[in-house]
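Structure first, then comments.
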């Protein structure tokens, strides 16, 4: 072979290696198999977003875990099946999740269906790595502050702020903003780890907002060039900006908490309105009108309401004035997981947690804990302006 041909061959090999390496870099997941009593489970595990799919026969079990390395997360799998259930428990280092059970093509947590099937219950009792007590609620009281009772769930308590009539509580520490109790503090909201609230030390009109940094507890003020009536309301939040409508003066404002500015954006017959992920201009409303964020998808048309976050869709189905709550992962929207019965549609999602209030108690849910009581406050029952925030 001539030197010229050798050079061409070398360049060709180099080009093939470059293409091969690029293909390897473009793949964001790896696959492997786990065996249990001659049953084979095919696992696809993502490098990027902690997403895992376990496939067995015609069933896929999706899950997300807080994974620290690129090593194989699942070391062992337990599997049970009968004519009604197909159940799978992956064993993962340092992460405990509930057994996942298919029933009528819906995934349920085993802790939600325990007692329904004796053979399944007997099977689970013989799994030494599984402890159903880890998925039972902990109602031990940790601390009391005024009307608020905190429970022993330290893993989540440190990430909660809750408003009070004089200010708010962050990490169980009180921050006072007002001299007197304010019972109707509707001009307030949480945004980007800030708490924004009108200066209720004023009597009828105000021109300043308090801005509390929840992370470092610093308090700043944002000034408006115009006086704003206390008969105002917050329409919504879009692109890290808060929108407020002053009913008395018929003015609309945009409040930017990042650069600490307040801008008058409408003072005539029209206002800006946000719906279906886009802005439109409409006539000034005769009653309070709030922005509409509800995502629409033909995939979930049979559900009454949908909430979306980065990883999931949460789907609500009316059930005797409460809601059956389901969840689908955005990586596979054909697989439904039943979370539980919730009292209303007012849930907040943060990462893989969801939060809601039932009567006077705040709960959270995750796949690693099931339902937990965070705190209770008697004022939740009497005053719907009391807010909470997860940061």
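Things worth noting here:
- Qualifying residue in the range 54-61 (condition: out of contact with any strand residue (DSSP E or B) (no Cβ under 9 Å at 6 or more places or on another chain), modelled with pLDDT of 75 or more and exposed (fewer than 12 other Cβ atoms within 10 Å of the Cβ)): yes
- For residue 369, the stated conditions hold: it is out of contact with any strand residue (DSSP E or B) (no Cβ under 7 Å at 6 or more places or on another chain) and within 19 Å of residue 100 (Cβ to Cβ).
- Of all residues in the range 101-129, those satisfying the criterion of being crowded, with 20+ Cβ neighbours inside 10 Å and either touching a residue at least 60 places away in the same chain (Cβ under 8 Å) or touching a helix residue (DSSP H, G or I) at 6+ places or on another chain (Cβ under 6 Å) (or both) are 101, 107, 108, 109.
- Segments classed as strands (runs of 3 or more DSSP E), wholly inside the range 171-226, with at least 3 members that are at pLDDT 90 or above and within 26 Å of the chain's Cα centre (by Cα): 188-191, 194-198, 205-213
- Residues (over 25 Å from residue 91 (Cβ atoms) and without any contact (Cβ under 8 Å) to a residue 40 or more places away in the chain) located in the range 364-391: 380, 381, 382, 384
- Only listed residue being closer than 15 Å to residue 160 by Cβ, crowded, with 16+ Cβ neighbours inside 10 Å and outside the structural domain of residue 131 (by TED's automatic domain parsing), chosen from 362, 315: 362
- Residue in the range 77-90 that is farthest from residue 135 (Cα to Cα), counting only those that are touching a helix residue (DSSP H, G or I) at 6+ places or on another chain (Cβ under 7 Å) and not in a loop (DSSP other than H, G, I, E, B): 80
- Only residues that are in contact (Cβ under 8 Å) with a residue 40 or more places away in the chain and buried (at least 18 other Cβ atoms within 10 Å of the Cβ) were counted in the range 206-219, giving 4.
- Residue 335 meets the stated requirement of being in contact (Cβ under 8 Å) with a residue 12 or more places away in the chain and not assigned by TED's automatic domain parsing to the domain that holds residue 50.
- So residue 323, is it more than 17 Å from the chain's Cα centre (by Cα) and within 20 Å of residue 371 (Cα to Cα): yes
- Selection of the range 143-166 for residues being over 25 Å from the mean Cα position of the chain (by Cα) and either at pLDDT 90 or above or surrounded by 12 or more Cβ atoms within 10 Å (Cβ to Cβ) (or both) yields 143, 145, 146, 147, 165, 166.
- Candidates 367, 352 - the one that is closer than 25 Å to residue 51 by Cα and surrounded by 20 or more Cβ atoms within 10 Å (Cβ to Cβ): 367
- The range 359-391, residues that are part of a strand (DSSP E or B) and within 18 Å of residue 182 (Cβ to Cβ): 377, 388, 389
The values are calculated or read from the model by the stated rules, or taken from the named source; none is laboratory data. The structure displayed is predicted, hence computed values, not measured ones. Ideal geometry is used to build each Cβ from the backbone, glycine not excepted, and the neighbour counts take in all protein chains shown.
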